[in-house]
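Taking it in order: structure first as C-alpha cells, then the write-up.
The values are calculated or read from the model by the stated rules, or taken from the named source; none is laboratory data. Everything quoted here is computed from the prediction, not taken from an experiment. Virtual Cβ from ideal backbone geometry, glycine too; neighbours counted across all protein chains shown.
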C-alpha cells in the first residue's frame with residue numbers, strides 16, 4: 001500500500017471566476033472547460049457534450065489543462081473519477097475538480113481511475129465528506145488515500161478485464177432492450193391473429 | 001424617462017428582503033403592496049400639484065379647489081415624502097397608520113377600508129419598537145428610489161404598476177406554496193380566458209371569485225376601450241383590499257368589488273335580483289369543501305332550485321350554477337376548473353347532463369398539468385353561452401402543448417393563440433380538437449372526459465421481428481466473445 005501523494009502529482013483546478021474575461025478586457029482567450037457533469041456514473045470515460053465555453057482574461061498555464069493520462073476527480077459528492085484520453089486533451093480544469101498526474105512507472109492512469117471509483121476509496125471519501133448542501137472532500141483527503149499497487153503488467157491485465165467487463169455490461173443492456181421489443185411485438189402479433 | 005417594469009419589480013422585490021426571516025411572505029406582502037399603493041397615490045398627487053401650480057401661477061386657493069376635485073384627495077401628512085421625513089421617529093408605525101387612516105377618511109367613497117388589513121404598528125408581526133422601526137425605515141428607504149417614480153406621466157403604459165403588483169403577487173404565490181397560490185391565476189391562463197370570452201364595448205364583466213382581480217383586468221384589456229363595467233366579489237378581506245388597489249392602479253376607478261362569500265351571500269344585486277352580466281369569468285377554488293350546501297337548499301335567489309344540489313365537499317358546480325344564474329340572456333362565460341367536473345357522477349353528473357340538455361356548454365378545453373401555483377393537477381376551461389345555436393360541443397386537448405418551467409409549466413403565446421383560433425373558428429384538428437354532437441355526448445352518458453372525444457393516442461412504431469432476432473443473436477455472440485476474453489484475463493491474474 002502506498003499513499004496517493006507519494007506516487008502522483010495532485011492539484012486542484014483553477015478558480016475560473018478569477019481569470020474570467022470582463023467587458024473591459026481587450027484581449028480574450030477562449031477555452032473549453034470540463035463540467036462536473038461530465039463524470040459518468042459507471043466507468044472511467046468522460047461523458048461527451050458537457051464541455052463549457054470559457055473566455056479568460058489571460059493565457060492560462062498548461063498545468064491547468066487536461067493531458068492524456070490525467071485522472072480527474074470530482075471533489076463534490078458523488079466523488080467520481082475519469083481518465084483523460086488523447087482526444088480530451090487541452091480542456092480547462094476548474095476548482096471543483098482535482099487533477100492527478102500519476103507516475104506511469106508506478107501506477108497507470110486507467111488503473112487509478114478504476115480504483116478511485118471502487119468501493120474501498122468510496123467508503124473512505126464518504127467518511128471525509130464535509131457539508132450537507134454541497135458535500136465536498138478536501139484535496140488533502142485525496143492526497144492521503146492509500147492505494148494497493150500491483151506490478152505494471154498486472155495493472156494492465158486488470159484494466160483489460162475491467163474494460164471488457166464494462167463492454168459486456170453495456171451489451172447486456174442492449175440485449176435487454178431488444179428482448180423487450182421482441183416480446184412486445186410477438187405478443188401484439190399473437191393478439192392480432194385472434 | 002419612463003419607469004420600466006423591470007426596475008419597479010426589482011425595487012419592490014428588494015423591499016421584501018427587509019422582511020424575510022421575520023415573518024411569512026403572505027403577511028409582509030400586505031405591507032409592501034400597501035406602501036406601493038401609497039407611493040402611487042403620492043406620486044400621482046405630487047405631479048397633479050405641480051401641474052396646477054404651473055397652471056394657476058401659485059394661486060393656492062384655486063389649486064386647493066382643483067385638487068379637491070381630483071380622483072384622490074391626499075393631505076400633505078399622508079404623502080410618501082412626509083413618511084420619509086419621519087423615518088427616524090420613534091413612533092414610525094403609528095405615523096404610517098395615521099396616514100393610512102387619513103387617506104381612507106379623506107376618500108370615503110373610493111378607499112374606505114382599503115388598508116383595514118394592515119397595521120404598521122403591529123407588535124406581534126413587526127416586533128418591538130426598535131426592530132419595528134428598523135424594518136419600516138428600510139421599507140421607506142427602499143421605496144425612496146428615483147427609479148420608482150410612479151407619476152402618471154412617467155408610466156408610459158398605464159398598466160406598468162399593476163403588472164408589477166401582479167408580479168409580486170405571483171412571486172408570493174409560488175413562494176408561499178398552496179397557501180398563497182390559491183388566490184392567483186397564472187397570467188397566461190387569465191390571458192387565454194380573456195381572449196376566449198372576448199369582452200366587447202359596453203359589456204358588464206363579472207368575476208364571482210375575483211381574488212386580486214388579475215382575471216378581470218385581463219378581460220377588460222381585451223375590450224380595447226374604457227367603455228366597460230367591472231364587477232367582482234371576493235371572500236378573503238385581505239385579497240379583496242388587494243383587488244381594489246389593483247383596480248385603481250389600472251385606472252379602473254369605477255370597479256365594484258364586493259367583500260363576501262359569493263355562494264352564501266352574493267352581493268352584486270340590482271332591483272332585488274342578482275345582477276346579470278354579459279361576460280363572466282372565474283377561477284373558483286378547486287373542489288371547495290364546505291362551500292355552503294345547507295344555505296344553498298333555501299337560497300333566496302333560487303340559484304340552485306332547478307338543479308340537483310352539488311355535493312357538500314365539492315363546490316365546483318355551485319360556482320358554475322351561480323355563474324349561469326348571473327349570466328345575461330346573450331352572455332358568455334369561461335371558468336377554470338379541475339377535471340373532476342367533466343366526469344364525476346352522482347348529483348354532479350345529473351347537473352352536467354341538465355346543463356348539456358339545456359345546450360349551455362359551448363367548449364371544453366383541457367390545459368397542461370402544473371400551470372398553477374401550489375398544485376400540479378391539470379385544469380380545464382369550460383365555456384358556456386346562453387344563446388347557442390350549435391347543437392354540439394367543441395373539445396380541445398391542449399394538455400400536451402406547453403413550455404416546461406422550473407417550478408411551473410407555462411403556456412406560450414403560440415399555445416394560447418392555437419387554442420383561441422381553434423375555439424374561435426371551431427376547427428377539428430387531428431389529435432387536438434373534436435366537435436362532438438350532443439347525441440355523441442349523450443351516448444357517452446354525458447361524461448365529458450376529454451380523451452373520450454379527442455384521440456391523442458400515438459400509434460407505436462412497428463418492430464420488425466426478423467431483424468430484432470438478428471440483433472439479439474448478434475448481441476449474444478458479442479457477449480460470448482467478451483466472456484471468453486474476460487475468462488482469459490482472469491486466468492492470467494490467477495483467479496480462474
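Condition check ((1) outside any helix (DSSP H, G or I); (2) touching a helix residue (DSSP H, G or I) at 6+ places or on another chain (Cβ under 8 Å); (3) farther than 21 Å from residue A:6 by Cα) across all residues:
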position: A:55; (1), (2), (3): yes, no, yes
position: A:68; (1), (2), (3): yes, yes, no
position: A:72; (1), (2), (3): yes, no, no
position: A:106; (1), (2), (3): yes, yes, no
position: A:110; (1), (2), (3): no, yes, no
position: A:125; (1), (2), (3): no, yes, no
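Being more than 10 Å from chain B (Cβ to nearest Cβ), surrounded by 12 or more Cβ atoms within 10 Å (Cβ to Cβ), within 32 Å of the chain's Cα centre (by Cα) and part of a helix (DSSP H, G or I) is a property that residue A:155 has. From the list A:163, A:168, A:122, A:183, the one residue that fits, being surrounded by fewer than 16 Cβ atoms within 10 Å (Cβ to Cβ) and within 11 Å of chain B (Cβ to nearest Cβ), is A:183.
Considering the stretch B:9-29, the residues that are modelled with pLDDT of 70 or more, farther than 19 Å from residue B:128 by Cα and under 20 Å from the mean Cα position of the chain (by Cα) include one that is surrounded by the fewest Cβ atoms within 10 Å (Cβ to Cβ), namely B:13.
Here B:474, B:434 are screened, and the one residue that is more than 10 Å from chain A (Cβ to nearest Cβ) and either surrounded by 14 or more Cβ atoms within 10 Å (Cβ to Cβ) or modelled with pLDDT of 90 or more (or both) is B:434. Considering only the stretch B:486-496, I want to know if a residue exists there that is within 14 Å of chain A (Cβ to nearest Cβ), loosely packed, with under 11 Cβ neighbours inside 10 Å, touching a helix residue (DSSP H, G or I) at 6+ places or on another chain (Cβ under 6 Å) and farther than 30 Å from residue B:388 by Cα. Yes, some residue in the stretch B:486-496 is within 14 Å of chain A (Cβ to nearest Cβ), loosely packed, with under 11 Cβ neighbours inside 10 Å, touching a helix residue (DSSP H, G or I) at 6+ places or on another chain (Cβ under 6 Å) and farther than 30 Å from residue B:388 by Cα. Filtering the stretch B:458-471 for residues that are away from chain A (no Cβ under 14 Å) and out of contact with any strand residue (DSSP E or B) (no Cβ under 6 Å at 6 or more places or on another chain) leaves a non-empty set.
Restricting attention to the stretch B:309-357, the residues being touching a strand residue (DSSP E or B) at 6+ places or on another chain (Cβ under 8 Å) and either part of a helix (DSSP H, G or I) or farther than 20 Å from residue B:209 by Cβ (or both) number 12. Checking the stated criteria, residue B:287 turns out not to satisfy the condition of being under 18 Å from residue B:185 (Cα atoms) and crowded, with 21+ Cβ neighbours inside 10 Å. Taken as a whole, the condition of being touching a strand residue (DSSP E or B) at 6+ places or on another chain (Cβ under 7 Å), over 21 Å from residue B:451 (Cα atoms) and in contact (Cβ under 8 Å) with a residue 40 or more places away in the chain does not apply to residue B:392. When residue A:116 is tested against the conditions (1) closer than 21 Å to residue A:15 by Cα; (2) crowded, with 22+ Cβ neighbours inside 10 Å, the lone failure is (1). Of all residues assigned to the stretch A:96-112, none qualifies as being over 23 Å from residue A:66 (Cα atoms), away from chain B (no Cβ under 14 Å), touching a strand residue (DSSP E or B) at 6+ places or on another chain (Cβ under 8 Å) and in contact (Cβ under 8 Å) with a residue 12 or more places away in the chain. Comparison of A:30, A:78 shows that the only residue that is surrounded by fewer than 20 Cβ atoms within 10 Å (Cβ to Cβ), over 10 Å from the mean Cα position of the chain (by Cα) and in a strand (DSSP E or B) is A:30.
As a summary of the residue check, residue A:51 satisfies the conditions (1) at pLDDT 85 or above; (2) in contact with a strand residue (DSSP E or B) (Cβ under 7 Å, 6 or more places away or on another chain) except for the one numbered (1).
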